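**Student:** This is the structure, below, for whatever I ask next.
The values are calculated or read from the model by the stated rules, or taken from the named source; none is laboratory data. This structure is a prediction, so every number in the text was calculated from the model and none was measured. Cβ placement follows ideal geometry from the backbone for every residue including glycine, while neighbour counts extend to all protein chains displayed. Ligands, DNA and RNA are stripped out before the accessible areas are found, and what is left, the full protein with its side chains, is counted by its heavy atoms. Shrake-Rupley method; radii C 1.70, N 1.55, O 1.52, S 1.80 Å.
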Amino acid sequence: MIARPRGLVVALLALAAIACSKGGNENAKGGNENVLARVEGSHLLIENRSGEAVHVQLVQARVAWIPASLPGNRMADGQSRRLRIAPSDRGQSVELFWWRPGKKIGDSDVRGPDRMRRVTVALPALTEPLADDELLIRNCVALGSESEAEFRERPPVRSPVHPVIPPRQVSERSCVEMAELSCASGRCAQELQTQERQLQSVRDARKRHRGDAGTLSSAAGPGAGAGAGAVAGVLAAAPSLPATASPLSATAREAFDDLAAGRIEAYLARMCPSLRETYSGSFMQGQLRKTADEFGHRGLVLGKASEEGKEAVAFAVAGQDAAPGGKPADPLLAIRATFGSADGRPCLTGIDQIR
């Protein structure tokens, strides 16, 4: 939904009907051009050019409301507001009601409208190609949906290491807010690249759950087509341990998937308590995010466990030999997860790259 100015919206149908009957469909002579509303890119722009303060209320459906003149819905003369249009609002219309303070409502000090004016604005559907900010919202919503599906599709594992943590729930509103903050601070394109790698990583995890290893992406960088053959070759040549995954091996894979998908909080939750505190600082989390970006960019795929002990599990790995930014990277021979112990249970101490 469009983020609206805070005002009083009360489901009292009778009072709303009375308010609208006193002018809901009337247009003052030369009036509606004084308070304007129009779509401008990704936003709805509202401008007050009426020469004095007015009160406004956006209405997107047939809901009952009271047009009360309150500080939260007041717009000073010359003031404008830009409200982000959510993707789900596209293809619909929104009505902007505006008024000047009139008589008091009942025995209160709150004033109702002098009379109602209405501006109807159509919210056109988005057209391809989408701008980065709209792509950011679309990918954010998709990432939330795919992550929930991936979590549901994970094979059941009896792991004593740590409770399995579900992905954080994502809403369209939270994605809109994230896009506004990212793009306002100049990080729109950077955030979009990170998000696309995370989305591909989650989709690859879903393919692994379904056994579609042949269709895994070798991911987000130049030479992706050639990477598919490399992945198949390296994984086929990996030494084979027993097919039944041990709890330690399963936890190592889950930790790798969390890190590769940028789910830093979930990754940290698997670590030993002493290390978890160390890695919770901004610097160490920044280092983890760099590692996550590299894993996502290279489209790393874990093969079979090639080594497994009480304190470590190593996996054959394949992916692109290019780091973020297109710089060459040393080929990886394996990914190794190491474990310690806390309260008599194993806990993750880290994930190493063996070159």
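**Student:** Would you be able to say whether some residue in region 267-277 is open to solvent by less than 50 Å² (accessible area, probe 1.4 Å), more than 21 Å from the chain's Cα centre (by Cα) and at pLDDT below 80?
**Tutor:** No: region 267-277 contains no residue that is open to solvent by less than 50 Å² (accessible area, probe 1.4 Å), more than 21 Å from the chain's Cα centre (by Cα) and at pLDDT below 80.
**Student:** Continuing with this model, one more query. Sort out which residues of region 171-229 are modelled with pLDDT of 85 or more, under 19 Å from SER147 (Cβ atoms) and not in a helix (DSSP H, G or I), and write them in order of number.
**Tutor:** SER171
**Student:** Just name the residue that is surrounded by the most Cβ atoms within 10 Å (Cβ to Cβ) out of those in region 31-61 that are within 17 Å of ALA122 (Cβ to Cβ) and not hydrophobic (A, V, I, L, M, F, W, C).
**Tutor:** Of the residues in region 31-61, the ones within 17 Å of ALA122 (Cβ to Cβ) are 32, 36-46, 58-61.
Right, trim to not hydrophobic (A, V, I, L, M, F, W, C) and you get 32, 38, 40-43, 60.
Values: ASN32: 18, ARG38: 12, GLU40: 9, GLY41: 12, SER42: 21, HIS43: 17, GLN60: 14.
So the residue we want is SER42.
**Student:** Okay, next question. Give the residues of region 254-266 that are of a type outside the set (D, E, K, R) and either assigned to a helix (DSSP H, G or I) or open to solvent by 30 Å² or more (accessible area, probe 1.4 Å) (or both), sorted by residue number.
**Tutor:** Start the filter on region 254-266 by keeping residues that are of a type outside the set (D, E, K, R), which leaves 255-256, 259-262, 264, 266.
Once the filter is applied, which keeps residues that are of a type outside the set (D, E, K, R) and either assigned to a helix (DSSP H, G or I) or open to solvent by 30 Å² or more (accessible area, probe 1.4 Å) (or both), region 254-266 yields ALA255, PHE256, LEU259, ALA260, ILE264, ALA266.
**Student:** Checking ARG336 against (1) assigned to a strand (DSSP E or B); (2) of a type outside the set (Phe, Trp, Tyr); (3) at pLDDT 80 or above; (4) open to solvent by less than 20 Å² (accessible area, probe 1.4 Å), which single condition isn't satisfied?
**Tutor:** Checking ARG336 against (1) assigned to a strand (DSSP E or B); (2) of a type outside the set (Phe, Trp, Tyr); (3) at pLDDT 80 or above; (4) open to solvent by less than 20 Å² (accessible area, probe 1.4 Å), the one that fails is (4).
**Student:** If I ask for residues that are open to solvent by less than 30 Å² (accessible area, probe 1.4 Å) and more than 32 Å from the chain's Cα centre (by Cα), which ones from region 66-96 would you list? Quick ask: steps written out before the conclusion?
**Tutor:** First, the residues of region 66-96 that are open to solvent by less than 30 Å² (accessible area, probe 1.4 Å): 66-69, 73, 75, 83-86, 89, 94, 96.
Matches in region 66-96: ILE66, PRO67, ALA68, SER69.
**Student:** Could you please give the count of residues in region 278-313 that are of a type in the set (Gly, Ala, Ser), crowded, with 22+ Cβ neighbours inside 10 Å and within 27 Å of SER341 (Cβ to Cβ)?
**Tutor:** Looking only at that region, the number is 2.
**Student:** Residues to consider are GLU128, GLU150, GLU134, GLU95; find the one that is among the acidic types (Asp, Glu), in contact with a Pro (Cβ under 9 Å, 6 or more places away or on another chain) and either more than 30 Å from PRO273 (Cβ to Cβ) or assigned to a loop (DSSP other than H, G, I, E, B) (or both).
**Tutor:** Just a single option satisfies the conditions, and that option is GLU134.
**Student:** Does ALA245 count as under 20 Å from THR338 (Cβ atoms) and either modelled with pLDDT of 80 or more or under 22 Å from the mean Cα position of the chain (by Cα) (or both)? Spell out the reasoning first.
**Tutor:** Values: under 20 Å from THR338 (Cβ atoms): yes; either modelled with pLDDT of 80 or more or under 22 Å from the mean Cα position of the chain (by Cα) (or both): no.
Considered against the rule, which asks whether it is under 20 Å from THR338 (Cβ atoms) and either modelled with pLDDT of 80 or more or under 22 Å from the mean Cα position of the chain (by Cα) (or both), ALA245 comes out as no.
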